[in-house]
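**Q** Take a look at this one; I'll ask things after.
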Amino acid sequence: MQQQDDTFPTAVVTGASSGIGEALAHELAQDGYRLVLVARTSDELNRVAGVIATKYDVPTIAIPKDLSTPSSGAELAAELKRRELEPDLLVNNAGFGVMGEAASLDLEEQLEIIDLNVRTLTELSIRCARTMRRRGRGGIMNVSSVAGTLPGPNMAVYYASKAYITSFTEALAVELRPYGVTVTAVVPGVTKTDFHRRARMEHARLLKSTPAMTAEQVARIAYTGHRKGKRVVVTGAYNHFSSWCSWLIPNAILLPIVRKLHT
Ligand SMILES: NC(=O)c1ccc[n+]([C@@H]2O[C@H](COP(=O)([O-])OP(=O)(O)OC[C@H]3O[C@@H](n4cnc5c(N)ncnc54)[C@H](OP(=O)(O)O)[C@@H]3O)[C@@H](O)[C@H]2O)c1
């Protein structure tokens, strides 16, 4: 996308301080977007913003914010309005999971997964959908996961949150397409990021038995697919294969295997 007379389209990327979000921010900056980067850790966010602003010469704003609080969606919307920024592209990427049995893990932490992965993603999507529909253009990319294609014993809330994201995003895509707004569910599989350390699953069998992509590979495939107007972008051949397996193999066979992979 070419910038014209200093006018940059605006992309808001959540979870941009590391991993897939950081890589997506690079993709978008390279394509001429002004970036609004959101995550909690301001040091990391400012580091990413500094690198991108220097490398691509695009305006880059860092907004440190915890997106798991109920008021965070409204606060971010107010902050964008205050800066007179209307997103042309929203990337809901911030997300986390934790490994363990639902009945054993901390309850508040599991509810936080829903607040971040589901509630705030939904709020930001709907807020942007309204303005994009009125303007007759725009895009939304919601980062889901192969985890959203099946139930996930020993990671139940995370898998369910990703099933919600894919379902919600696909439906929104159909609703907004007639208005010229492209909505895409991004479906990565195992990707080399900080996600697994944060999920306390560095030693899980899943990671020893599954090929991992880089965040840069995932970001490139995701954004290319979004630009082509795709409703769903599964990243890479192995993840296509995994998705097909979860649709074809009965849950009675599959779920005990998934449980084992999460130990
Ligand atoms: N890595 C994988 O194997 C994999 C596979 C499939 C899907 N995904 C999905 O990809 C997305 C990105 O994850 P990643 O792999 O890139 O992991 P990551 O490196 O841990 O990145 C997660 C990002 O989300 C931000 N974040 C976490 N909690 C937040 C909160 N409460 N408020 C605001 N920002 C928050 C983090 O920054 P702060 O900690 O600074 O807030 C970070 O920027 C997630 O939605 C994840 O579910 C990952």
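The values are calculated or read from the model by the stated rules, or taken from the named source; none is laboratory data. Here the structure is a predicted model, which is why all the values come from computation and not from measurement. Please note: Cβ atoms are built from the backbone with ideal geometry, for glycine as well, and neighbour counts cover all protein chains shown. Just so you know, the surface numbers come from the protein's heavy atoms only, side chains and all, with ligands and any DNA or RNA stripped out. Shrake-Rupley method; radii C 1.70, N 1.55, O 1.52, S 1.80 Å.
**Q** Please identify, among 248, 89, 172, the residue showing maximal mean-square fluctuation in a Gaussian network model of the chain using a 10 angstrom Cα cutoff.
**A** Largest GNM mean-square fluctuation: 248.
**Q** While we're on this one: Given the options 54, 182, 41, state which has the largest fluctuation in a GNM of the chain using a 10 Å cut-off (strictly under) for Cα springs.
**A** 54
**Q** Now for a different question. What list of ³J(HN,Hα) couplings, whole Hz, do you get for region 91-97 from phi and the Karplus terms 6.51, -1.76, 1.60, once you set θ to phi - 60° and write x for glycine and proline?
**A** 10, 8, 10, 4, x, 8, x
**Q** Also, quick follow-up: Given that compact globular proteins tend to follow 2.2 N^0.38 Å, what is the ratio of the alpha-carbon Rg of the chain to that value? Don't skip to the end; give the middle numbers.
**A** Values: Rg = 17.8 Å, N = 263, 2.2 N^0.38 = 18.3 Å.
This ratio for the chain stands at 0.97.
**Q** If you don't mind, there's one more thing I want to ask. Just flag the trypsin sites (Lys or Arg not before Pro) in region 52-111 sitting in loop per DSSP whose Cβ has no more than 14 other Cβ atoms within 10 Å.
**A** Working: sites: 55, 65, 81, 82, 83; in loops: 65, 83.
Sites meeting the loop and neighbour criteria: 83.
**Q** Would you please give the FRET efficiency between residue 81 and residue 107, computed as 1/(1 + (r/R0)^6) with r the Cβ-Cβ distance and R0 = 41 Å, to the nearest 0.05?
**A** Details: r = 35 Å, r/R0 = 0.85.
About 0.75, to the nearest 0.05.
**Q** Continuing with this model, one more query. Note the full-extension length gain between residue 255 and residue 30 as 0.36 nm times their separation in residues minus their Cα-Cα distance, in nm to one decimal.
**A** Details: separation 225, 0.36 × 225 = 81.00 nm, distance 4.11 nm.
Residue separation times 0.36 nm, minus the Cα-Cα distance, leaves 76.9 nm.
**Q** Quick one: if you take sqrt(5λ) for each eigenvalue of the C-alpha gyration tensor of region 22-82, what semi-axes come out, biggest first, whole angstrom?
**A** Details: eigenvalues 93, 31, 17 Å².
Ellipsoid half-lengths, sorted descending, are 22, 13, 9 Å.
**Q** Mind checking which of 15, 241, 223 is farthest towards the positive end of the chain's charge dipole, using Cβ charges of +1 (Lys, Arg) and -1 (Asp, Glu) about the Cα centre?
**A** Comparing the listed Cα positions along the dipole, 241 ranks first.
**Q** Also, quick follow-up: Mind pulling the angle between the C-alpha long axis of helix 156-176 and the longest principal axis of the chain? Nearest 10 degrees, somewhere in 0 to 90.
**A** That helix lies at roughly 40 degrees to the long axis.
**Q** Let me ask another. Report ³J(HN,Hα) in whole Hz for each residue of region 32-40, in order, from the Karplus equation J = 6.51 cos²θ - 1.76 cosθ + 1.60 where θ = phi - 60°; Gly and Pro get x.
**A** Those phi angles translate into x, 7, 6, 10, 10, 9, 10, 5, 7 Hz.
**Q** Measure off 7 Å from each Cα along the Cα-to-Cβ vector at residue 71 and residue 46, then give the distance between these two points in nanometres to one decimal.
**A** 2.4 nm
**Q** Same structure again: Run lengths n ≥ 4 of DSSP H only: what is the helix-derived mean residue ellipticity at 222 nm for the chain, with -39500 (n - 2.57) per run over all residues, to the nearest 500?
**A** Using -39500 (n - 2.57) per qualifying helix, the result is -14500 deg cm²/dmol.
**Q** What's the local net charge at residue 76, with K and R +1, D and E -1, over the other residues with C-beta under 12 Å away? Numbers along the way, then the final one.
**A** Working: positive: 65, 81, 82, 83, 127; negative: 66, 75, 79, 123.
So the environment of residue 76 carries a net charge of +1.
**Q** Sticking with this structure for a sec: For the chain, what is the accessible area per residue in Å² when the probe is 1.4 Å? Please list the in-between numbers first.
**A** Details: 12560 Å² over 263 residues.
Heavy-atom SASA per residue in the chain reads 48 Å².
**Q** Which shape class, rounded, prolate or oblate, goes with region 157-263 when its Cα gyration tensor gives a ≥ b ≥ c as root eigenvalues, a/c under 1.5 marks rounded, and past that a/b bigger than b/c marks prolate? Display every interim value, and only then the final one.
**A** Numbers: a/c = 2.09, a/b = 1.55, b/c = 1.35.
Cα axes put region 157-263 in the prolate bin.
**Q** At a 1.4 Å probe radius, carbon and sulfur cover how many percent of the accessible area of region 10-261? Let's see the in-between values first.
**A** Details: 6310 of 11610 Å².
Roughly 54 percent, rounded to a whole number.
**Q** Name the aspartates and glutamates eligible as straight-distance cross-link partners of residue 81: C-alpha to C-alpha under 17 Å, and not fewer than 8 places from it in the same chain.
**A** 123
**Q** Going by amide H atoms built from the backbone, whose H comes under 5 Å of the H on residue 15, apart from near neighbours?
**A** Close amide H contacts, sequence-distant or interchain: 38, 39, 94.
**Q** May I pose another question? If you line up the long axis of helix 237-248 against the longest principal axis of the chain, both from Cα atoms, how many degrees apart are they, to the nearest 10?
**A** Around 60 degrees separate the two axes.
**Q** Continuing with the same structure: For the ranges 253-262, 123-132, 141-150, what's the packing order if you count other beta-carbon atoms within 10 Å of each residue, average per peptide, and put the highest first?
**A** Highest-to-lowest ranking by the protection proxy: 141-150, 123-132, 253-262.
**Q** Quick check: the angle from helix 42-56's long axis to the longest principal axis of the chain, C-alpha only, nearest 10 degrees?
**A** 60 degrees
**Q** Can you tell me how region 1-104 classifies by the Cα gyration tensor, rounded, prolate or oblate, using a/c under 1.5 as the rounded cut?
**A** Numbers: a/c = 2.25, a/b = 1.63, b/c = 1.38.
Prolate shape, in that a/c is at least 1.5 and a/b is the bigger ratio.
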